[in-house]
Amino acid sequence: MIWPLSRVGITVSLSFATIIGFGDVLSGSLLGGGAGRSVVGAVPLFSNMIMSDYASSTNLPRTCALAMVLVLILACVLVAGLKATERAQRKVA
């Protein structure tokens, strides 16, 4: 009985944690000045690519496209969380 009722809260909290995590990755490099490390290794972090393109101000259309990809990823996470929440609420009710 506890799992079906808490599934909605877990889904919403995971989607918000993902959104906060996207922004938190960048704060360390802005405050500390480091480049940050990727889980994959030599692959640069997505947020660092956006900031380096924005700081150089030579390729603003690419910066806009990268930021739009990030916004679309966040929107997909929210939609998936909302769909899972609705599905869980239907099972409980």
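None of the figures in this text is laboratory data; all of them are computed from the coordinates on show. Bear in mind that the values here come from a model prediction, so they are computed numbers and not experimental data. Here Cβ is always computed from backbone atoms with ideal geometry, including for glycine, and neighbour counts include all displayed protein chains.
Worth pointing out:
- Taking other Cβ atoms within 10 Å as a rough exposure proxy, D53, D24 sort from fewest to most as D24, D53.
- Fewest-first ranking of I73, I2, using other Cβ atoms within 10 Å as the exposure measure: I2, I73
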